[in-house]
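All remarks here apply to the structure that follows.
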Amino acid sequence: MQFQVGDSVFHPVHGVGHIVSVAEKRFVENQARLYYHITVGKGTLWVPVDAQETIGLRAIISKRDLERYRHVLKSRPVALNEKHSRYRLELAERLKRGEFLALCEIVRDLNALAGRKPLGAADQASLRKAREGLDQEWAAAGGVSIAEATREIEALLINSRASVGRG
């Protein structure tokens, strides 16, 4: 997918950003490459156009798609893999890809687990990372503030707080 100047995008590590230009740059290697210049929060990213899929750069979801994800957040949580190391790897891989559905599911499932017992440091970090991305993109897609998006997501999660184990 080619992005245009002005498009809103999601980067799996940095969250929601905006394409401000597409420019040819020469960084480390001798050959110039085409890059997206993206503003993210208070920073700037340069993402190679030909590596956007590898990096996980994608368009943010549309406002009309939010209804589908409301159902995901309200749905029954899925039990995490019994093998701690296995589910931790699964979470890390899903966070790395940064797909919106994965963010919704991670937040829903870890939130439910946290309602049953305290999360360990790694699970807290995964939940925090997924929640930051979810809140940012929900706000951008819905045209609302991050605070408003956070409140709506919290309200949706109330329906899915049934206890869930790892097995």
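Could we say that Ala141 is under 19 Å from the mean Cα position of the chain (by Cα) and assigned to a helix (DSSP H, G or I) here? Yes; evaluated as a whole, the condition is true for this residue. Close Cβ contacts (under 9 Å, 6 or more residues apart or on different chains) running from residues in the stretch 98-125 that are assigned to a helix (DSSP H, G or I) and modelled with pLDDT of 95 or more to residues that are loosely packed, with under 13 Cβ neighbours inside 10 Å and among the hydrophobic types (A, V, I, L, M, F, W, C) comprise Glu105/Val78; Arg108/Val78.
Under 6 Å between Cβ atoms, at least 6 apart or on separate chains: pull out the pairs that start in the stretch 50-65 with a residue that is closer than 12 Å to Glu99 by Cα and end on any residue that is assigned to a helix (DSSP H, G or I). Listed by first residue and then by second, the contacts come to Gly56/Arg97; Ile60/Glu137; Ile60/Ala140; Ile60/Ala141; Ile61/Phe100; Ile61/Ala141.
Within the stretch 60-101, being of a type in the set (A, V, I, L, M, F, W, C), buried (at least 16 other Cβ atoms within 10 Å of the Cβ), within 18 Å of the chain's Cα centre (by Cα) and closer than 21 Å to Ala121 by Cβ holds for Leu91, Leu95. Please determine whether any residue of the stretch 87-97 is touching a Gly at 6+ places or on another chain (Cβ under 6 Å), assigned to a helix (DSSP H, G or I) and more than 17 Å from Ser160 (Cβ to Cβ). Yes, because at least one residue in the stretch 87-97 is touching a Gly at 6+ places or on another chain (Cβ under 6 Å), assigned to a helix (DSSP H, G or I) and more than 17 Å from Ser160 (Cβ to Cβ). The selection criterion, being in a loop (DSSP other than H, G, I, E, B) and in the same structural domain as Glu137 (by TED's automatic domain parsing), holds for Asn81.
The values are calculated or read from the model by the stated rules, or taken from the named source; none is laboratory data. Here the structure is a predicted model, which is why all the values come from computation and not from measurement. Please note: Cβ atoms are built from the backbone with ideal geometry, for glycine as well, and neighbour counts cover all protein chains shown.
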